[in-house]
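Every number here is computed from the coordinates shown, using simple stated rules; none is lab data. Remember, predicted model here, so these are calculated numbers, not experimental data. Positions of Cβ are generated from backbone atoms using ideal geometry, with glycine treated the same way; all protein chains shown enter the neighbour counts.
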Amino acid sequence: MSEKINFAYNGQNFSFEFQKENTMELIIKRFSSEAGKDIKELFFLHNGDLVHPENKISELIDKKGGIQILVFDFEKEDEEEIIKQSKELICPICKEICMINFKDYKITFSNCKNGHICSNILFNEFNDFKK
């Protein structure tokens, strides 16, 4: 049985059908091809959690039977602007100061002034979110 996966990106919606047994890697590659974007320039959220390519589609299915994925661009800095690593903990979505929690070797960013929650960040990805 195939599942419907919806991606919301820059005001556009993209829908694809995939089998539950597949990993998100297949659907992410298909989305990036359709959207004309490099996968390395994007990050994907499902219910506030970061979607990793190794996630199985069956892990993301909600009670309604569908999957809604929000897609965001990693912010590009101007070439003249120097990328700095923040001394503060910052929200990966709005870049405001936030709190972090550690659980099961994963990080959750929360309590920024805009109320964003971004979870399941792996330790090796942490420094990328501080830039």
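Observations on the structure shown:
- Of the residues Met99, Met24, the one with the fewest other Cβ atoms within 10 Å heads the list, and the complete ranking is Met99, Met24.
- Residues Thr108, Thr23, arranged from fewest to most other Cβ atoms within 10 angstrom of their Cβ, appear as Thr23, Thr108.
- By the count of other C-beta atoms within 10 Å, a proxy for reagent exposure, Ile107, Ile67 are ordered fewest to most as Ile107, Ile67.
- Given their separation in residues at 0.36 nm each and the Cα-Cα distance between them, Phe102 and Lys56 gain 14.3 nm when the chain is fully extended.
- Gap separating the Cα centres of region 10-24 and region 103-124, nearest whole Å: 24
- Taking amide H as placed 1.01 Å from N in the peptide plane, the amide H of Ile90 sits under 5 Å from that of Cys98, each at least 5 places away or on another chain.
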